[in-house]
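Here the structure comes first, spelled out in structure tokens, and everything after it is commentary.
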Amino acid sequence: MSLRTIFLAHAEADHDFALGLADFLELGCDVTCDAEGGVIRSGEDLISIAGEGLGADVLALLLSQASSPIGWQRERWEPVLFDQTRDANTELVTVLLSEC
């Protein structure tokens, strides 16, 4: 089996968790993780950064109040999280870090 890639989309406040998760997964699994590229930057949100992770084998959304502080319209997230992930053959995983 070939090395798989995981893109960890997350808020800056959750960056330490994302780095720890990346280390854990890379140590115990045949994967490489991108936690640095998955940080939500100024002017972005979780949906926009998720679009950047579509080149990975797995797109992992780390959900917290910091990463998803407001509700999104279905018309905005559905094309990225369903249609584009399917078209890119990218698996989608969500990890709930805290209520949001």
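The values are calculated or read from the model by the stated rules, or taken from the named source; none is laboratory data. Worth saying up front: this structure is predicted, and the values here are computed from it rather than measured. Neighbour counts are summed over all protein chains in view; Cβ atoms, including those assigned to glycine, are modelled from backbone coordinates with ideal geometry. Please note that ligands, DNA and RNA were not included when accessible areas were found on the heavy atoms of the full protein model with its side chains. Shrake-Rupley method; radii C 1.70, N 1.55, O 1.52, S 1.80 Å.
Can you tell me how many residues in segment 1-40 are crowded, with 20+ Cβ neighbours inside 10 Å, under 25 Å from ASP87 (Cβ atoms) and hydrophobic (A, V, I, L, M, F, W, C)?
Result for segment 1-40: 7.
Let's see how each residue does on (1) over 20 Å from GLN65 (Cα atoms); (2) modelled with pLDDT of 95 or more:
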site: ALA13; (1), (2): no, yes
site: ALA18; (1), (2): no, yes
site: ASP23; (1), (2): yes, yes
site: THR32; (1), (2): yes, yes
site: GLU36; (1), (2): no, yes
site: VAL39; (1), (2): no, yes
site: SER42; (1), (2): no, no
site: ASP45; (1), (2): no, no
site: SER48; (1), (2): no, no
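Restricting to segment 84-100, name every residue that is farther than 24 Å from ALA13 by Cβ and open to solvent by 60 Å² or more (accessible area, probe 1.4 Å). Walk me through how you get there before you give the answer.
Our first condition is that a residue be farther than 24 Å from ALA13 by Cβ; within segment 84-100, this holds for 84-91.
Hits for segment 84-100 are GLN84, ARG86, ASP87, ASN89, GLU91.
Scan segment 41-62 residue by residue and report those that are under 22 Å from ARG4 (Cβ atoms) and open to solvent by 50 Å² or more (accessible area, probe 1.4 Å).
Residues satisfying the conditions are GLU52, GLY55, ASP57.
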